[in-house]
Amino acid sequence: MSAVILSDQFFDIAAAQSAKPFLYEKVGGVWQGRTYGEVANDVLRAASMLRALGVNKGDRVVIGSENCMNWSIADLAIMTLGALVVPSYSTNTIADHLHVINDSGAVLAITSVGELAEKMAAACEKSKACKTLVCFDDPALKANPKSITVKSWNKEMAQVDLPHLDDIRGKLDPDDVSCLIYTSGTGGQPKGVMLTHRSISANVEGVRQMLERADLVKDQRFLSLLPLSHSYEHTGGLHLPVRMGAEIWYCESVDQVSSNLQEAQPTLMIAVPRLYEVLYDRIERGLKAKGGLSETLFRKAVALGLKKLDGKRLSLTEKLMDRVLERLVRAKVRQRLGGRLRYFCSGGAPLNPDIGRFFLAIGVGILQGYGQTEASPVISLNPPDDIRISTVGIPVPGVDLIFDDDGQILVRGDMVMQGYWGAADATADAIQDGWLQTGDIGEMDADGYLKITGRKKEIIVNSGGDNIAPARVEALLSIHPNIEQAMLTGDKRPWLAAVIVPSAEMRGLPKAEQQKRLKAACDDINANLSQLEKIRRFIIADEPFSIENGEMTPTLKVRRHVVMKRYGKTLDALYKS
């Protein structure tokens with residue numbers, strides 16, 4: 001499929017299937033949906049409303065809200081006008097919003113209600129040019145903004161006549177920028193990544209072709225959990241479903257994901273590894289609480305599933321048992337996930353292979369992929385008809401991939417960003433001779449499957465000059481039942497140390513007992529590590545790494561420099577003692 005304007009693509013698909021269900025969200029505890037035709041009219045009205053509020057082609061419009069129907073409607077409406085969508089995480093502070101608004105030069109912001117509206121209103125008041133705020137419902141702000149105009153989305157939409165598409169649509173080229181997505185980098189101020197209509201549509205088409213290999217295109221239903229502010233969800237959870245003519249159901253929250261899976265009955269869901277770690281942990285705790293025959297049968301189902309996964313032959317007795325366990329165990333697990341789920345899609349961070357193998361063994365597919373915002377974002381994906389869980393799959397169609405002399409992954413193709421907004425030097429560093437410098441270290445096997453072995457900028461170089469990739473060891477620590485999170489350190493040091501967040505259950509124990517059990521956990525993990533990778537000492541974190549305390553990005557990656565700033569002196573003491 002040739003490059004398209006994303007909003008034009010939506011209107012074409014909506015015209016072809018106007019009565020088909022599209023967007024769903026819970027209102028007052030009840031799921032409510034809109035068809036493609038209804039949403040198309042909503043997008044036209046929203047575009048007309050925004051134009052009346054002064055938004056023109058090339059303008060930047062910030063969206064800072066939780067996932068909902070109106071988020072997607074606003075996204076498509078902004079693009080229809082030829083303006084640029086500028087997502088801002090709902091977890092952002094006032095200062096974060098202000099940076100996004102001022103750096104992008106946004107003229108208008110769209111948000112939700114309550115605390116989200118309060119923060120965005122405060123940022124708009126402090127901003128240089130963003131003096132109009134539109135709230136999805138009656139804002140009822142506690143503060144009374146003096147220097148900005150606050151509008152209600154619902155009230156403004158009710159006053160707008162339905163325009164004709166040709167009268168409202170901006171004249172666009174596929175190489176026009178469609179959105180500025182600010183990277184939630186683990187260090188420094190976020191930069192705006194310029195993604196064009198061509199780059200996102202090329203990425204969407206590449207992923208669609210991969211899914212088509214397993215008949216995963218027609219009549220699909222997505223459950224949207226990750227923030228739409230993240231390029232992973234913006235592309236994979238909005239514009240990919242549009243291209244497929246699929247349904248999107250908006251998850252209420254992370255806490256409600258289990259119940260929403262059962263209610264929405266999705267066929268596909270995009271998430272980061274942390275979700276699968278949480279689900280795995282819940283299953284493990286539930287099994288241990290039940291014990292007895294239930295735990296025995298489940299463990300046997302996993303063991304037989306792993307044996308099949310490894311290509312080993314089952315004995316006749318095992319085959320019979322496997323059939324019984326398929327009904328007694330695996331089918332029940334799938335039913336708890338809605339009953340129709342074909343695959344989870346995992347990205348944004350490395351998936352622990354043991355967790356991936358666990359889910360595959362109980363009959364739940366996980367397609368691990370790899371990408372970054374600068375590539376729209378999907379670079380590689382496991383083909384659903386040939387999953388290799390210890391890899392991040394093969395390059396999606398349209399992606400050229402090579403390695404430099406250091407093993408860094410370089411990619412080229414239509415999906416690569418146009419550059420960083422207002423940052424020519426950073427763009428020149430990131431894209432050299434047409435190749436995006438990913439900063440990730442990797443290798444490819446004989447069958448073309450990619451493995452990520454480390455992060456160029458996160459590689460620990462010890463005092464002996466040895467390079468150590470912390471991601472694998474951190475993943476092994478984090479999967480241990482007594483450990484919730486972990487971060488390694490050891491740059492320019494003789495050995496590795498770790499900052500460890502104990503599990504919630506462990507945090508209720510006396511410190512001495514925590515220390516004892518965590519030492520045992522490290523000893524278990526060290527038994528399977530090289531001498532260079534072994535954790536020699538550790539400290540216990542004061543609290544979990546979180547978005548709220550600034551130690552994690554909105555996409556749940558540890559901000560190493562923030563953690564180091566907080567615990568640096570304590571870690572230094574480990575090396576001196």
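The values are calculated or read from the model by the stated rules, or taken from the named source; none is laboratory data. Every value quoted in this text rests on a predicted model; they were computed, and no experiment measured them. Here Cβ is always computed from backbone atoms with ideal geometry, including for glycine, and neighbour counts include all displayed protein chains.
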Residue pairs within 9 Å by beta carbon, gap of at least six or interchain, first lying in the range 421-443 and within 30 Å of residue 106 (Cα to Cα), second surrounded by fewer than 13 Cβ atoms within 10 Å (Cβ to Cβ) and of a type in the set (A, V, I, L, M, F, W, C), listed first then second, are 435/402
- Query: Does residue 74 satisfy being at pLDDT 95 or above, among the aliphatic types (A, V, I, L, M), out of contact with any strand residue (DSSP E or B) (no Cβ under 6 Å at 6 or more places or on another chain) and assigned by TED's automatic domain parsing to the domain that holds residue 111?
  - Reply: no
By residue number, the members of the range 310-327 that are under 34 Å from the mean Cα position of the chain (by Cα) and surrounded by 15 or more Cβ atoms within 10 Å (Cβ to Cβ) are 325, 326
Note on the range 14-67: residues touching a residue at least 60 places away in the same chain (Cβ under 8 Å), under 30 Å from residue 259 (Cβ atoms) and either part of a helix (DSSP H, G or I) or not assigned by TED's automatic domain parsing to the domain that holds residue 182 (or both) are 36, 42
So, first residue at pLDDT below 95 in the range 519-543, second residue hydroxyl-bearing (Ser, Thr, Tyr) and part of a loop (DSSP other than H, G, I, E, B), Cβ within less than 7 Å, six or more apart or across chains; the pairs are none
Residue hits (the range 139-168; of a type in the set (S, T, N, Q), more than 20 Å from residue 70 (Cβ to Cβ) and modelled with pLDDT of 90 or more) are 147
When you scan the range 473-482, do you find a residue that is touching a helix residue (DSSP H, G or I) at 6+ places or on another chain (Cβ under 6 Å), of a type outside the set (Val, Ile, Thr), surrounded by 14 or more Cβ atoms within 10 Å (Cβ to Cβ) and not in a helix (DSSP H, G or I), even just one? yes
Looking across the range 544-566 at residues that are touching a residue at least 40 places away in the same chain (Cβ under 8 Å) and of a type in the set (S, T, N, Q), the single one that is farthest from residue 231 (Cα to Cα) is 553
If we keep only residues of the range 445-463 that are more than 24 Å from the chain's Cα centre (by Cα) and either assigned to a helix (DSSP H, G or I) or modelled with pLDDT of 95 or more (or both), then the residue surrounded by the fewest Cβ atoms within 10 Å (Cβ to Cβ) is 446
Only one of 441, 468 is assigned by TED's automatic domain parsing to the domain that holds residue 378 and in contact with a strand residue (DSSP E or B) (Cβ under 6 Å, 6 or more places away or on another chain), namely 441
The condition from (1) part of a helix (DSSP H, G or I); (2) under 19 Å from residue 11 (Cβ atoms) that residue 97 misses is numbered (2)
Going through the range 24-38 in order, the residues found to be farther than 12 Å from residue 250 by Cα and surrounded by 11 or more Cβ atoms within 10 Å (Cβ to Cβ) are 34, 35, 36, 37, 38
When the range 160-184 is checked residue by residue, the ones that are surrounded by 15 or more Cβ atoms within 10 Å (Cβ to Cβ) and either among the aliphatic types (A, V, I, L, M) or within 20 Å of the chain's Cα centre (by Cα) (or both) are 160, 165, 168, 172, 177, 178, 179, 180, 181, 182, 183, 184
A careful count of residues in the range 99-111 that are surrounded by 22 or more Cβ atoms within 10 Å (Cβ to Cβ) and in contact with a Ser or Thr (Cβ under 6 Å, 6 or more places away or on another chain) gives 4
Those residues of the range 409-430 which are touching a Gly at 6+ places or on another chain (Cβ under 7 Å) and not basic (Lys, Arg) amount to 409, 413, 414, 415, 420, 421, 427
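Only one of these is assigned by TED's automatic domain parsing to the domain that holds residue 568, free of Cβ contacts under 8 Å to residues at least 24 places away in the same chain and under 22 Å from residue 577 (Cβ atoms): 505, 513. Name it.
Of the residues listed, the single one that is assigned by TED's automatic domain parsing to the domain that holds residue 568, free of Cβ contacts under 8 Å to residues at least 24 places away in the same chain and under 22 Å from residue 577 (Cβ atoms) is 513.
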Taking the range 276-307 and the residues there that are farther than 17 Å from residue 363 by Cα and of a type in the set (A, V, I, L, M), the one that is farthest from the chain's Cα centre (by Cα) would be 293
Flagged in the range 242-265 as of a type in the set (A, V, I, L, M) and in contact (Cβ under 8 Å) with a residue 40 or more places away in the chain, in numbering order, are 242, 248, 261, 264
When the range 362-405 is checked residue by residue, the ones that are assigned to a strand (DSSP E or B), hydroxyl-bearing (Ser, Thr, Tyr) and more than 16 Å from residue 271 (Cα to Cα) are none
Exactly one of 369, 339, 398 is under 30 Å from residue 60 (Cα atoms) and not aliphatic (A, V, I, L, M), and that one is 398
The condition of being assigned to a loop (DSSP other than H, G, I, E, B) and more than 21 Å from residue 53 (Cβ to Cβ) holds, among 214, 129, only for 214
Note: among 221, 282, just one is closer than 29 Å to residue 29 by Cα, of a type in the set (Lys, Arg) and touching a residue at least 40 places away in the same chain (Cβ under 8 Å), namely 221
Of the residues in the range 406-425, those that are out of contact with any Leu (no Cβ under 8 Å at 6 or more places or on another chain) and part of a strand (DSSP E or B) come to 408, 419, 420
